[in-house]
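The values are calculated or read from the model by the stated rules, or taken from the named source; none is laboratory data. The model shown is predicted, which means the values in this text are computed figures rather than measured ones. We place every Cβ from the backbone using ideal geometry, glycine too, and count neighbours over all the protein chains shown.
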Amino acid sequence: MSLGYWSHVQAAGFEVPSDRPLDDLTAELTAMLGSTEPEVRDGTAYPALATWIGRGVYDDLLAGLGDGMVAGLSVGLGDTGADTVFRRSFSALILAECLHRNNEQHLLPGAKVLDWGDRIAVWFLTEADTRGFVPGKGWAHAVAHGADAIGALGESPHLAGPEHAALLDVLAERLVRQSAEAPLAAGEPDRIAAAAMRILRRNTLGTDVLEPWILRLGAAGNPVGGPVDHDPFAATAAAQAFLRALFVQLSLAPDAPAVRPDLLLVLIEALRTTNAPYLRVATG
């Protein structure tokens, strides 16, 4: 169908059209998630699917819809600089909506949520195209959208402490692995920190788990010297930006996790160590 058709749907408040089967509409919107035109992808397909999920249109079909989005995570996986990133990234964003709906309505069995979680984690750590905003094509933002999905997953009632620790490790691994040649320059560390906060608010983890997690990120965010043709900050920028973002969110965000006082002390020490050159008092 033409974009004009969907413009009418949008103008009608995204009421589900009655002139076509829901399966056909869903298949078309799913294909549109991979469009290189932001008005098709961001402006139409994503809000339509997200609105229908939130209104319960897919409540009896949520498992199938989510499975279709999981399949989308593998489309062109391994490509860098290719347009396939849009389908993968926006599939993750719709998966986040599916998980959020399930967290509210308890529509899916735990096995299904855990299966999606495994697939999301594998994709998130494998995704090679970490571009943020692509000129002429809009947001790719795979890392940010993946973080949103992991945050929604962390809020699932089917997950507990061991799974929460594993999700935090996945977030850390993404940051540690981030290539110096592909900096996260579009707010991704803040989105990852927001996902971590959603997990921390579950209050299932103590400092015995969280302190080593922070210390690992501190080590990854500590620039070290090297040859003069080597930029020591490039490889540590993602972890360092995350530590700062988590400090801000842990300090200022409402509904703080119970562990906040102790975790802030650990985080402050990691930031003090990784920012030591800037904390020295000038003399003379």
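Inside segment 173-196, residues that are basic (K, R) and outside any helix (DSSP H, G or I) make up a count of 0. For segment 172-181, the count of residues that are buried (at least 17 other Cβ atoms within 10 Å of the Cβ), at pLDDT 95 or above, within 26 Å of L108 (Cα to Cα) and touching a helix residue (DSSP H, G or I) at 6+ places or on another chain (Cβ under 8 Å) is zero.
Can you name every residue in segment 14-65 that is basic (K, R) and in contact with a strand residue (DSSP E or B) (Cβ under 8 Å, 6 or more places away or on another chain)? Break it down stepwise before answering.
Initially, segment 14-65 is screened for residues basic (K, R), giving 20, 41, 55.
Selection gives R41 alone.
Quick check: anything in segment 194-211 within 15 Å of V143 (Cα to Cα), modelled with pLDDT under 95 and among the small types (G, A, S)?
no
Checked against (1) under 16 Å from L153 (Cα atoms); (2) assigned to a helix (DSSP H, G or I); (3) among the aliphatic types (A, V, I, L, M), L108 passes all but a single condition, namely (2).
Return the only residue of V122, V143, V113 being farther than 25 Å from G54 by Cα and either hydrophobic (A, V, I, L, M, F, W, C) or in a loop (DSSP other than H, G, I, E, B) (or both).
Numbers: V143 fails: farther than 25 Å from G54 by Cα; V113 fails: farther than 25 Å from G54 by Cα.
Result of the check over V122, V143, V113: V122.
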